[in-house]
Amino acid sequence: MRKLPYILSVIPLLLFVDLAHAGDKEDVAATMDAIRAAWTAGDVDAALNHMEEEVDIYLRNGSLLSRPDWEGGRAAFAAGLKVNVQPVHSDVRVYGDTGILRGYHIRQVTPPGGTPINSTERATIVLVKQKGQWKGAHAHFSHLTPTKS
């Protein structure tokens with residue numbers, strides 16, 4: 001019988017933790033929406049506001065782990081690059097101060113003066129919470145290759 005008061009005191013704490021967790025999921029998703037909006041607008045600096053200082057990335061071309069080329073991105077957007085990324089089947093999981101977004105992206109990239117290039121890719125994006133704000137810390141993209149039956 002002495003366990004009952006203990007159990008009853010823990011239940012509100014569990015509910016609070018779950019509510020905080022749900023808010024973090026929404027905040028991670030909102031951060032990713034802001035990053036996508038910045039890229040769609042061609043605003044590298046707005047995207048950088050949501051990135052951890054030492055963010056790294058595995059690109060869809062199979063390259064080694066690298067750091068984004070922010071200056072190259074600015075130059076490409078200034079020359080007319082257009083990017084549109086639509087998330088599909090995204091899922092956010094939060095583990096303390098780490099958020100992981102998993103899903104698929106439908107991408108349309110139009111090079112300056114070029115023809116649009118469409119692709120579907122898998123995406124895993126890791127965000128970390130720093131001073132109350134979620135920041136992109138790592139991204140891994142790869143082409144979605146359907147299985148052949």
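Take segment 50-65 and flag every residue that is under 29 Å from Gly132 (Cβ atoms) and either polar (S, T, N, Q) or touching a Lys or Arg at 6+ places or on another chain (Cβ under 9 Å) (or both).
Of everything in segment 50-65, those that are under 29 Å from Gly132 (Cβ atoms) and either polar (S, T, N, Q) or touching a Lys or Arg at 6+ places or on another chain (Cβ under 9 Å) (or both) turn out to be His50, Met51, Glu52, Glu53, Glu54, Val55, Asp56, Ile57.
Among the residues of segment 85-99, are any of a type in the set (Gly, Ala, Ser) and over 19 Å from Ala137 (Cα atoms)? No. In this structure, does Ala30 turn out to be open to solvent by less than 30 Å² (accessible area, probe 1.4 Å) and hydrophobic (A, V, I, L, M, F, W, C)? It is false that Ala30 is open to solvent by less than 30 Å² (accessible area, probe 1.4 Å) and hydrophobic (A, V, I, L, M, F, W, C).
Applying the set (1) open to solvent by less than 60 Å² (accessible area, probe 1.4 Å); (2) of a type in the set (D, E, K, R); (3) at pLDDT 95 or above to Glu121 leaves exactly one unmet item: (3).
Taking every residue in segment 126-145 that is modelled with pLDDT of 95 or more and pairing it with any residue that is outside any strand (DSSP E or B) and aliphatic (A, V, I, L, M), at least 6 positions away or on another chain, the pairs with Cβ-Cβ distances below 7 Å are Leu127/Val28; Trp134/Val28; Gly136/Ile35.
For Gly113, state whether it is open to solvent by less than 40 Å² (accessible area, probe 1.4 Å), touching a Gly at 6+ places or on another chain (Cβ under 8 Å), on the phi > 0 side of the Ramachandran plot and small (Gly, Ala, Ser).
Here the answer is no, as Gly113 does not meet what is asked.
The values are calculated or read from the model by the stated rules, or taken from the named source; none is laboratory data. Because the structure is a prediction, the values reported are computed rather than measured. Because the Cβ atoms are built from the backbone with ideal geometry, glycine has one as well, and the counts that use them run over all protein chains shown. Side chains included, ligands, DNA and RNA excluded: accessible areas come from the protein's heavy atoms. Shrake-Rupley method; radii C 1.70, N 1.55, O 1.52, S 1.80 Å.
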